[in-house]
Amino acid sequence: MGRNSDAKQRIIDSATELFHSRSYANVGVQEICEKANVKKGSFYHFFPSKRDLTLNVIDHVWLYYNQQSAVAKAFDKDVPPLKRIERFFLGSCEFQSQLQKEKGKVCGCHFGNLASEISSQDEIIRKKLDAIFSAQADVIEETLEEAVAVGDLPEIDTKATADAILAFMQGIILMAKTRNDARLMKKMAKAGVDMLLRSD
């Protein structure tokens, strides 16, 4: 097994980092190849186009999100449902804070960045990102339904509220990215939890 055995993964890893720290449009195939230390021929052997690579990047990030990230672990059922919602916000805040320490800037959400940049230009990528956001909202909705069932919340439209929570989280991340200050997220996250879940 030589260096070529992991060339595909190195391309995906390199593109993931470059897309996240910069942008999709600002990163070209040549730069990805240089960072991954592969030739362009190898790139096109694995990925017919930049779009195909991007779809693989999305899958790669989604796998990490579900298996390793603090955000996904926020919904472990070791605490009551509303505490899981709070932990979701705080996990997102911590992730962005750590990235700012490492890279010197708030990079934003992988999925949110791609959605805002290319969803109106590429229907295939838009649908893939929409499926991911829907899956995230489904987990939040399930948690809200549990909160209603145990009496922690009144009867609410759990689907609409889940979508609102996810949208609010994306907005918080965007605001932190715009101001390049992840510290703002905790204060805004607390306000969001209070506003969305505890107001009459």
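Quick note: the coordinates plus some simple rules give every number you see, no bench work behind them. Keep in mind that this is a model prediction, so the values were computed, not measured. Positions of Cβ are generated from backbone atoms using ideal geometry, with glycine treated the same way; all protein chains shown enter the neighbour counts.
Some points to look at:
- Residues 187, 159, 8 in ascending order of nearby Cβ atoms (within 10 Å, fewest first): 187, 159, 8.
- Degrees between helix 7-21 axis and first principal axis of the chain (Cα, 0 to 90, nearest 10): 50
- Electrostatic dipole magnitude of the range 69-198 [Cβ: Lys, Arg +1; Asp, Glu -1; Cα centre; debye, to 20]: 800
- Positive dipole terminus of the chain, leading residue within 61, 81, 98 (C-beta point charges): 98
- Under 13 Å from the residue 150 label point (7 Å along Cα→beta-carbon), backbone N, the range 37-73: none
- Calculated log₁₀ intensity ratio I(q)/I(0) where the Debye formula runs over C-alpha points of the range 69-178, q = 0.14, 0.16 Å⁻¹: -0.61, -0.78
- Compared with the direct C-alpha span, the chain from residue 133 to residue 183 gains 15.6 nm at full extension, assuming 0.36 nm per residue.
- Crossing angle, helix 81-103 versus the chain [Cα axis fit, 0-90 degrees, rounded to tens]: 40
- Prolate/oblate/rounded label for the range 58-104 (Cα gyration tensor, a/c 1.5): oblate
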